[in-house]
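Okay, structure first, notes after.
The values are calculated or read from the model by the stated rules, or taken from the named source; none is laboratory data. Keep in mind the model is a prediction, meaning the values are calculated, not measured. Methodologically, a virtual Cβ is constructed for each residue, glycine included, from the backbone with ideal geometry; neighbour enumeration extends over all protein chains shown. Only protein heavy atoms, including side chains, enter the accessible area calculation; ligands, DNA and RNA are left aside. Shrake-Rupley method; radii C 1.70, N 1.55, O 1.52, S 1.80 Å.
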Amino acid sequence: MRAAAAGVLLSVGLAAHATDFTLGFGAGADRGKTDCVDGFACDHSSAHGKLFLNYRLDEAWDLQALGFAGSRFKGGDTTDDGTTFGGSFRVDALGLAAGYRVPLAPDWWLRGQLGVAAVRTRFSYAAPFEGDVSKTQAQPLAGLSAGYAIAPGWLLSLDYDFTRFKVHSTRGSLHLLGLSAQMAF
């Protein structure tokens with residue numbers, strides 16, 4: 001009898017913590033803002049993949065560890081002596097953010113987040129130049145998500161994330177919009 005009672009208490013205790021973690025993955029479109037220079041291709045649109053893990057501190061607050069990769073776009077810059085160069089950018093990041101979640105209606109919610117990301121930018125020169133250069137910098141990270149619980153423990157969300165990147169003297173903003181599927185455990 002005591003073993004059964006202990007099993008029930010253990011099950012209730014595990015069930016209370018079963019949704020403390022949420023694992024999610026998503027994909028979508030992004031836009032990287034760089035300078036354009038004459039004679040080189042300029043394309044600001046791309047796509048990305050995103051993976052994240054949320055830990056709920058309480059009903060409203062959570063922490064999110066995230067990574068995104070695949071943001072590629074083309075642009076250029078001008079050196080201090082006036083030489084223009086073009087090439088392609090690739091931006092990847094790992095970040096940590098605190099989020100606040102507000103219920104909107106049954107099964108619907110809105111979540112905002114602020115944090116910091118280690119943003120790695122690699123620039124590959126276009127001909128006639130050769131080579132590539134990369135730089136990793138801490139950058140602010142902000143986001144907004146609107147989500148819906150499609151079933152117990154399963155969520156879908158529309159996510160917008162924003163950060164910045166830098167390589168050489170080129171600084172730019174990176175806007176990511178995508179859909180995510182999440183599983184609570």
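Can ALA138 be described as open to solvent by less than 30 Å² (accessible area, probe 1.4 Å), in contact with a strand residue (DSSP E or B) (Cβ under 6 Å, 6 or more places away or on another chain), more than 24 Å from GLY39 (Cβ to Cβ) and aliphatic (A, V, I, L, M)?
Judged against the criteria, ALA138 is not a match.
Report, by residue number, each residue of the stretch 141-185 that is aliphatic (A, V, I, L, M) and open to solvent by less than 50 Å² (accessible area, probe 1.4 Å).
Listed by number, the residues that qualify are LEU141, ALA142, ALA146, ALA149, ALA151, LEU155, VAL167, LEU174, LEU176, ALA181, ALA184.
Does the stretch 79-106 hold any residues that are open to solvent by less than 60 Å² (accessible area, probe 1.4 Å), hydroxyl-bearing (Ser, Thr, Tyr) and either at pLDDT 95 or above or touching a strand residue (DSSP E or B) at 6+ places or on another chain (Cβ under 6 Å) (or both), and which are they?
THR84, SER88
Check the stretch 62-70 and report whether any residue there is under 29 Å from ASP38 (Cβ atoms) and at pLDDT below 95.
Going residue by residue through the stretch 62-70, those that are under 29 Å from ASP38 (Cβ atoms) are 70.
Among the residues that remain, those that are also at pLDDT below 95 are: 70.
Yes: the stretch 62-70 contains one or more residues that are under 29 Å from ASP38 (Cβ atoms) and at pLDDT below 95.
With respect to the numbered conditions (1) assigned to a strand (DSSP E or B); (2) open to solvent by 20 Å² or more (accessible area, probe 1.4 Å), which one is the sole condition not fulfilled by ASP62?
Unmet condition: (2).
Would you call ALA127 open to solvent by 60 Å² or more (accessible area, probe 1.4 Å), over 23 Å from ARG56 (Cα atoms) and part of a strand (DSSP E or B)?
Numbers: open to solvent by 60 Å² or more (accessible area, probe 1.4 Å): yes; over 23 Å from ARG56 (Cα atoms): yes; part of a strand (DSSP E or B): no.
The answer is no for ALA127.
Which count do you get for residues in the stretch 67-89 that are in contact (Cβ under 8 Å) with a residue 60 or more places away in the chain and of a type in the set (A, V, I, L, M, F, W, C)?
Qualifying residue count for the region: 2.
Here is a list of conditions, (1) surrounded by 15 or more Cβ atoms within 10 Å (Cβ to Cβ); (2) over 13 Å from the mean Cα position of the chain (by Cα), and VAL133 meets all of them except one; can you say which number that is?
Unmet condition: (1).
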